[in-house]
Amino acid sequence: MNRRTLLWWGVCLLALATVLGAVVVFVYPETPGFDHWWNETISGARAEWMLDFALALNWVGGGWVAILGVPLLTILVLVLARRWRGAVFAAVCFAASAGAVQLLKTIFGRARPDDMLVVSDYGSFPSGHTANAATIALVLWVIFPRVWVAIAGAVWVLAMALSRTFLSVHWATDTVGGALVGAGVVLVLAAWLLPWVQHTKSEVEAPIG
């Protein structure tokens, strides 16, 4: 995938996330019917193992573990794999994704479901846990562009998104928004930094612009 394509997809995903946030907050301030339906459906289908799984992902994807633990572990693995440029790229992506999530949370200030099972921070849209999962998945795919990496990343993002609705801490559309933000940020940064990350000896593509 060339740099212009990465940039186009990244900008489109971020734009879609912003539009989705505007729709669910300003166009349907009472919360869209789909979100209510999914929340009620998933609440009625909860099993003990689902809650255990969701609580585990809540710990992995939130708090200091998500802010420092997972990013630092990812960066350390890349450094040990002698991918120090990839480690720098990952660090930039984690910081930018977290910043974008907090910006949109502040702008939209969407209320969370009333029946949430865990305590969480301000702003339901977008889901920070899902955005972080998407950031990790896309960073690894950019650095290691393999089919199995893409599949594993997609499963990870889907699992995190479902876990947030299992706990009723997010509406379904929050998790979609989070995935769009996390993926979009990585693709935009990849469009800018990919040649440097790959450390090619010759520039195959001209700079964007």
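The values are calculated or read from the model by the stated rules, or taken from the named source; none is laboratory data. The model shown is predicted, which means the values in this text are computed figures rather than measured ones. A quick note on method: Cβ atoms are made from the backbone with ideal geometry, for glycine too, and the neighbour counts reach across all protein chains shown. In case anyone asks, the SASA skips ligands and DNA or RNA and just uses the protein heavy atoms, side chains included. Shrake-Rupley method; radii C 1.70, N 1.55, O 1.52, S 1.80 Å.
Worth a mention:
- Measuring nothing but how far apart in sequence close Cα pairs (under 8 Å, 6+ apart) lie, relative to its length, the chain scores a relative contact order of 36 percent.
- Helix 70-80 axis, angle to the chain major axis (alpha carbon atoms, nearest 10°): 20 degrees
- Angle between the chain longest axis and helix 33-44 axis [Cα atoms, degrees, rounded to 10]: 80 degrees
- Extension reserve of the V27-L158 stretch, reckoned as 0.36 nm per residue once the Cα distance is removed: 44.5 nm
- When the chain is described by a simple charge dipole with +1 on each Lys and Arg Cβ and -1 on each Asp and Glu Cβ, the residue from G184, L80, L162 located farthest towards its positive end is L80.
- Over 26 Å [Cα-Cα, segment 1-141], rounded percent: 35 percent
- For the chain, calculated [θ]222 nm from helices alone, where every DSSP H run of n ≥ 4 adds -39500 (n - 2.57): -23500 deg cm²/dmol
- Given charges at beta-carbon only (K, R positive; D, E negative), |dipole| of the chain in Debye: 920 debye
- Between the Cα long axis of helix 172-198 and the first principal axis of the chain there is an angle of about 10°, rounded to the nearest 10.
- The alpha-carbon positions of segment 54-201 define a convex hull whose volume is 96 Å³ per residue.
- Surface composition of the chain: carbon and sulfur atoms hold 72% of the protein heavy-atom accessible area at a 1.4 Å probe.
- 1.4 Å probe accessible area per residue over segment 2-46, in Å²: 62 Å²
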